[in-house]
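Notes follow the structure.
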Amino acid sequence: MKAVFGIVGLGVMGKSLSRNMASKGFRLALFNRYVQDKEEAVAENFIREFPELEDALGFEDLASFAQSLERPRKILLMVQAGSATDQTIDALRPYLEAGDILIDGGNAFFKDTESRISDLKEAGIHFMGTGVSGGEAGALNGPSIMPGGDAAAYEKISPFLEQIAAKDINGKPCCTYIGSGGSGHFVKMVHNGIEYAEMQLIAELYALLRWGTQLNPDEIADIFEPWLSGPANSYLLEITVSILRKTEGETFLIDLILDQAANKGTGSWTSIVASDLGVAIPTITAALFARFQSAFKAERVQYASQFPMHPEMLEVDVKELLDAYQLARFLNHQQGFVLMQQAAIQFEWQLNLSELARIWTNGCIIRSQMMRDISHVFSESQLLLAHPLAWHTLDAGKEALLALVGKGLAAQIPLPCFSASANYMLMAFQEDSSANLIQAQRDFFGAHTYQRVDDPSGKKYHTNW
Ligand code: NAP
């Protein structure tokens with residue numbers, strides 16, 4: 001009997017997704033490459049390890065793997081993005097036929113996905129660029145899945161993907177067709193950008209409390225934990241509480257972890273693409289740059305020994321902290337969603353932002369109560385900041401955010417994401433800005449021209465300054 005679905009790449013994600021899918025009763029064909037003395041009989045050994053894989057077939061040659069699958073073949077690639085993905089597609093292609101569907105579940109750059117779609121289209125092979133979020137546990141128990149590409153091909157793979165996806169609060173799968181082209185990988189990229197800023201905002205709260213009030217990690221967890229029962233509930237805050245409470249002997253584990261944040265590229269892509277599209281995402285970019293700056297540990301140690309900054313004690317009001325945090329988060333989400341709206345216009349994708357937010361309410365790393373609220377907002381309006389929910393968040397958090405940034409910076413505690421959010425808010429709601437001076441300067445040195453407020457025709461003026 002043939003297998004109904006194939007998975008290539010049995011790393012962290014591939015293994016968990018295989019177990020998830022097998023546990024739903026699908027007969028799988030599993031492939032991992034053979035590398036002498038390193039990667040041998042990976043699929044067979046894996047199948048032997050888990051009873052739910054009893055019916056699965058294991059391979060390390062692609063011809064037999066492809067032959068074992070019913071047609072049209074449906075194959076999920078879970079390999080590293082970039083050249084590993086290209087090598088895998090090239091190796092698999094001779095064994096594929098028109099109508100087959102390749103699903104790339106890795107974190108590929110959306111433009112690479114678009115090239116792969118058009119390369120494979122000639123042979124009638126569908127390529128679905130599919131974002132998968134939730135990490136190892138999500139992959140095993142139900143991830144959020146963002147498939148993009150050919151809509152008709154999606155219909156053929158949806159019974160599999162929707163079965164293994166997480167379920168939202170109403171029991172609907174956290175998997176929906178995103179749109180054509182590379183839109184699935186684009187929204188996954190933005191998801192990760194929002195994730196960077198969500199993480200950094202929590203890290204900044206931690207910094208304020210740790211250095212500004214001298215609370216220990218456990219006491220900081222005591223402040224965050226009650227927030228989990230209210231509108232600030234999120235997966236990332238939840239894991240932070242667990243992280244802060246973790247000890248190794250007498251020491252908090254967090255104090256033993258080197259403060260150099262790594263990244264795998266999706267945050268950089270988000271900032272680069274936002275720049276290409278002319279969309280301001282300062283909170284997300286601040287989170288990315290904070291990671292970059294953290295990486296220069298040796299320099300920081302040297303500079304601190306020469307010219308130390310001395311964090312000062314702060315009066316912290318927990319309610320103010322929470323309100324500022326919620327507003328900064330809202331502004332982070334606003335930036336990510338505007339980026340997707342602009343991309344939809346530019347690339348002619350029909351993105352349904354309410355549905356998109358809905359599939360991010362469970363399974364994925366940025367699941368939160370706020371994401372549920374945002375899904376509701378987009379079902380009523382396409383302008384997040386013009387919705388009453390935004391006004392409510394602004395009313396509650398505006399003074400708190402500005403006060404927090406002012407006090408925190410004065411106390412010499414860096415707050416890149418909170419500051420970026422505060423400036424974003426001030427600029428977003430500023431009727432008259434100083435950009436007229438920028439236009440005058442551009443015209444002065446470069447004759448770039450400007451428009452006049454007393455001439456609504458849009459005519460371009462140049463002054464001989
Ligand atoms: P991983 O544990 O490193 O596994 C990568 C898999 O790709 C392994 O099976 C590896 O085979 C295979 N592979 C690598 N180079 C290959 C090549 N040239 N030809 C054939 N196979 C090759 O990675 P992962 O964490 O599962 O991630 C897989 C993809 O999912 C990545 O694109 C990642 O960005 C994305 N993703 C990861 C997460 C996460 O939380 N980990 C979440 C969402 C998305 P060998 O074992 O033989 O080396």
Exercise for the section: Using packing as a proxy for protection, rank 227-236, 33-42, 319-328 so that the peptide with the highest average count of other Cβ atoms within 10 Å comes first. Expected result: 319-328, 227-236, 33-42
Practice task
With θ set to phi - 60°, apply the Karplus curve 6.51 cos²θ - 1.76 cosθ + 1.60 along the range 460-465 and write out the HN-Hα couplings as whole Hz, x wherever there is a Gly or Pro.
Solution key: 8, 10, 10, 10, 7, 5
Practice task
Express in nm, to one decimal, how much length is gained between ALA152 and SER64 on full extension, taking 0.36 nm for each residue of separation and deducting their alpha carbon distance.
Solution key: 29.0 nm
Completion exercise
With all protein chains present, the chain has a carbon and sulfur share of its accessible area (1.4 Å probe) in percent of 53 percent
Practice task
Could you please report the charge total around ILE157, scoring K, R as +1 and D, E as -1 over all other residues with beta-carbon less than 15 angstrom from its beta-carbon?
Solution key: -1
Completion exercise
Rounded to the nearest 500, the 222 nm mean residue ellipticity computed for the chain from DSSP H runs (n ≥ 4, each -39500 (n - 2.57)) alone is -17000 deg cm²/dmol
Exercise for the section: Would you please calculate the Kirkwood hydrodynamic radius of the chain over all C-alpha pairs and express it in Å, rounded to one decimal? Expected result: 24.3 Å
Practice task
Report, in order of residue number, the helices in the chain meeting two criteria: a C-alpha extent of 15 Å or more along the helix axis, and a mean Kyte-Doolittle hydropathy of at least -0.5; treat each whole DSSP H run as one helix.
Solution key: 12-23, 151-164, 183-213, 235-245, 266-277, 282-294, 318-347, 369-380, 388-410, 416-428, 435-446
Fill in the blank from the handout: Short to long, in 10 Å steps from zero, the percent of alpha-carbon pairs of the range 298-419 per bin is 12, 33, 26, 18, 10, 1
Problem - Ranked packing of 457-465, 84-92, most packed first, by mean Cβ within 10 Å - result: 84-92, 457-465
Fill in the blank from the handout: Everything considered on the Cα gyration tensor (a ≥ b ≥ c; rounded for a/c under 1.5, else prolate if a/b is larger than b/c, else oblate), the range 5-131 must be described as prolate
Completion exercise
Heavy-atom accessible area per residue of the range 1-70, all protein chains kept, 1.4 Å probe, expressed in Å², is 50 Å²
Exercise for the section: Provide the FRET efficiency to the nearest 0.05 for the GLN260-GLN214 pair, computing r from the beta carbons and using R0 = 22 Å. Expected result: 0.40
Handout entry: Rg and Dmax of the range 1-78, Cα atoms only, in Å
Key = 11.2, 34
Exercise for the section: May I ask you to list the chymotrypsin sites (Phe, Trp or Tyr not before Pro) in the range 401-458 that are in a DSSP loop and have at most 11 other Cβ atoms within 10 Å of their Cβ? Expected result: PHE429
Exercise for the section: Note down the relative contact order for the range 282-401 as a percent, whole number, built from C-alpha pairs under 8 angstrom at least six residues apart. Expected result: 32 percent
Practice task
Return the FRET efficiency for the residue pair LYS297, PHE445: r is the Cβ-Cβ distance, R0 is 41 Å, and the value is rounded to the nearest 0.05.
Solution key: 0.55
Problem - Charge sum, other residues only, whose C-beta stays under 15 Å from PHE378's C-beta, Lys/Arg counted +1 and Asp/Glu -1 - result: -2
Problem - Residue-normalised accessible area of the range 189-256, expressed per residue, 1.4 Å probe, Å² - result: 42 Å²
Problem - Evaluated at q = 0.13, 0.16, 0.21, 0.32 Å⁻¹: base-10 log I(q)/I(0), Debye formula over Cα of the range 349-401 - result: -0.35, -0.51, -0.79, -1.14
Completion exercise
Here the FRET efficiency for ALA41 versus LYS2, based on Cβ atoms and R0 = 22 Å and rounded to 0.05, is 0.50
Practice task
Among the listed pairs LYS38/LYS167; LYS24/LYS264; LYS167/LYS398; LYS38/LYS264, give every one whose C-alpha distance is greater than 28 Å.
Solution key: LYS38/LYS167; LYS24/LYS264; LYS167/LYS398
Problem - Relative contact order for the range 1-98, counting Cα pairs under 8 Å that sit 6 or more residues apart, in percent - result: 35 percent
Completion exercise
Stokes-Einstein D for the range 288-361 (20 °C, 1.002 mPa s, Kirkwood Rh from Cα pairs), in µm²/s, comes to 129 µm²/s
Fill in the blank from the handout: Percent antiparallel among DSSP beta bridges confined to the chain, nearest 5, equals 35 percent
Problem - Net charge contributed by nearby residues that have their C-beta within less than 13 Å of GLY134 (K/R +1, D/E -1) - result: +1
Problem - Average projected area [Cα convex hull, the range 103-170], square nanometres - result: 5.0 nm²
Fill in the blank from the handout: Note on the range 212-315: alpha-carbon gyration tensor, axes a ≥ b ≥ c; rule is a/c under 1.5 for rounded, else prolate if a/b larger than b/c, else oblate; result oblate
Exercise for the section: Using all C-alpha to C-alpha distances in the range 159-253, build P(r) with 5 Å bins and read off the rounded percent in each one. Expected result: 3, 11, 15, 17, 16, 12, 10, 9, 5, 2, 0
Problem - Probe 1.4 Å, accessible area per residue of the range 325-465, Å² - result: 52 Å²
Completion exercise
Here the gain from full extension of ARG48 to SER381, 0.36 nm per residue of separation minus their alpha-carbon distance, amounts to 114.8 nm
Handout entry: Relative contact order (%) - criterion: Cα under 8 Å, at least six apart; region: the chain
Key = 13 percent
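The values are calculated or read from the model by the stated rules, or taken from the named source; none is laboratory data. Everything quoted here is computed from the prediction, not taken from an experiment. Counting neighbours? That spans all protein chains shown, and the Cβs are built from the backbone with ideal geometry, glycine included. These accessible areas exclude ligands, DNA and RNA; they are computed on the full protein's heavy atoms, side chains included. Shrake-Rupley method; radii C 1.70, N 1.55, O 1.52, S 1.80 Å.
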